[in-house]
Each structure stands twice: as structure tokens, then as C-alpha cells.
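Encoded as C-alpha cells, the structure appears first; notes follow it.
Coordinate-derived values only; no laboratory data. Since the model is a prediction, treat every value here as computed from it, not as a measurement. In this analysis, Cβ positions are derived from the backbone assuming ideal geometry, glycine residues included, and neighbour counts consider all displayed protein chains.
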Amino acid sequence: MINEIKKDAEARMQKSIESLTNDLGKVRTGRANPGLLDHVMIDYYGNPSPLNQVASISVSDSRTLTVTPWEKNLVPIIEKAILTSDLGLNPATAGNSIRVPMPALTEERRKELIKVVRSEGENGRIAVRNIRRDANNQLKELVKQKDISEDDERRSCDEIQKITDKYVAQIDVLLAEKEKDLMEI
């Protein structure tokens, strides 16, 4: 029972890290990143579809993305979707493909993005701590039901704390890397 609680907590913490990594990928740095357009949705024959399911997205140089739709009639639809997204990008059509240049970030915008990144990181830490709390509550419930001893509970709580510390350290590393990326010119 104790091992199941620890494994469940660790799996949930790993999912929190993956979610944070995904959220941080959406924060735009000065460099082109195909993941930046992942949440852009287009109207594909009446169904909202993610851009990466109707076109290939590639990095043509460090500051330019190239979007190549699989169907020629999607070019204006994709261009409009990128333009109206909250990313602040200005796509340009070049024949059957769309070039999306990444504008340089100003110092003020970089500092705003760092605040956003830190907020996302704090949300990740909170999620990990909540998972720890849930696991500890499950252990306390087992003690109340007399399924495990108090010594086992204390030992398991210490192990869960070590797992929590490991994942909080991973979050700190992710944040440091993202802040470094944002401050590069």
C-alpha cells in the first residue's frame, strides 16, 4: 500500500513537470520554436483543428518559422489564425508556405515574460506540494485504519518529502534555463 501511494505521487509529480515544460514552451523567446504554434487552432472543414495537424511547421533559421500546409487552400486560413492568435506574430505568405518571423524582444517585454515564467513555476511547485499533501493524507488515513504503524507513516512521509524536493529542484532548473533563454539577445 505504501509503495503504491509513493509511486502514484511520483507519477503525478512527473506529470506536473511535463505540464510545466509544456506551458514554458509556449512562452516566446527571441528564437523560433515550432512548439510556439502548437495551440493555434484553425477551422478545417468546419472543425477546429490544431495547426500542427494540418501543416508541417519547421525552423528555417533562428528567427523564422516556416508553415507548409498540406492543402493549398488552407494558406489564407492559417495565415489569419496565426495573425489573430495572442502571440503577436505577423505571418507572410510565400507561395504555398507561410513564413513567420520572430520579432526581437524588448528589455521591458523580457522582464514581463520572466514574471510570467516565474508565476508558471510557482504554480508547478504548488501542484507538486499538493500531491505531497494528498499522499501524506492517504498515509495518515492508513494509520487511522490501523493498516500501517506510525513509524511506517513517518518513514514514508520522509521519503515522499525527498521525492517532492527532487521535483521542486527540477522545476527550479527548468525556470533557470527559461530565464536564461529569455535574457539572451
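Quick notes on this structure:
- Working note: Karplus 6.51/-1.76/1.60 with θ = phi - 60° gives the stretch 161-175 the couplings 5, 5, 4, 4, 4, 4, 6, 5, 5, 4, 4, 4, 5, 4, 5 Hz, where Gly and Pro are set to x.
- For the chain, the extents of the C-alpha atoms along the principal axes are 71, 40, 22 Å, listed from largest to smallest.
- For a straight C-alpha distance cut-off of 26 angstrom, the lysines reachable from LYS72 (same-chain residues fewer than eight places away being disregarded) are LYS80.
- Reducing the stretch 31-67 and the stretch 169-184 to their Cα centroids gives an inter-centroid distance of 24 Å.
- Basic side chains Lys and Arg get +1 at the Cβ, acidic Asp and Glu get -1 at the Cβ, and with that the dipole of the stretch 34-101 about its Cα centre reaches some 160 debye.
- Alpha-carbon Rg/Rh ratio, for the stretch 34-101, with Rh computed the Kirkwood way: 0.91
- Simple point charges give the picture: +1 on the Cβ of Lys and Arg, -1 on the Cβ of Asp and Glu, and for the chain a dipole about the Cα centre of about 260 debye.
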